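In what follows, a structure is listed as C-alpha cells, so that the remarks can point back to it.
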Amino acid sequence: MSEKIDHELITKAINSLTEKISRVMLDEFLLLPNECQLNLVLIKSAQLLLANILCHVASDTKELKQIAEDQGEEMKEIVFTCAHTGFANKFSLNKH
C-alpha cells in the first residue's frame, strides 16, 4: 500500500513540475517574434514526421537503434520517444 502511495506522490510531483516548466516555456516562446515561432513549429513538425517515418521503416529494435545512432542527439531522442509512444508493440517496448 505504501508503495502505491509513494508512486502516486511521485506522479503528482512530476506532473506539477511538468506543468510549471511548460508554463514558463510557453511564456518564453510567446515572447519570440511570430516568424521565429512559426519556424520553430515547422522545424519540430518536420522532426516529428521524420521520427515517425524512421519508426515505420525500421524492421526491428536493433535496426531502429542503429538508425537513431546515425542521427544527432536531438533527433535520436525524438526517435526513441516516438518509438515508445507510437510503436511500443512493434519494437516490444514498455509504453510509458
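FYI, it's all coordinate maths here, none of it is from the lab. Just so it is clear, the structure is predicted and the values come from calculations on it, not from any experiment.
General remarks:
- Highest-fluctuation residue, 44, 20, 76 considered, GNM on the chain with Cα pairs under 10 Å: 20
- 29 Å Cα-Cα reach of residue 62 towards lysines, excluding residues that sit fewer than 8 places from it in its own chain: 44, 76, 90, 95
- Rounded to whole Hz, the Karplus (6.51, -1.76, 1.60) HN-Hα couplings of the range 43-52, x for glycine and proline: 4, 5, 5, 5, 5, 5, 4, 4, 4, 5
- Mean ellipticity per residue at 222 nm, deg cm²/dmol - from DSSP H runs of n ≥ 4 across the chain, formula -39500 (n - 2.57): -27500 deg cm²/dmol
- Options (1) 2, 14, 25, 27, 20, 8, 3, 0; (2) 2, 11, 17, 15, 12, 11, 10, 7, 5, 4, 3, 2, 1, 0; (3) 2, 12, 15, 14, 16, 15, 14, 9, 2, 1, 0 - which one matches P(r) over Cα pairs in 5 Å bins from 0, in percent as calculated here: (3)
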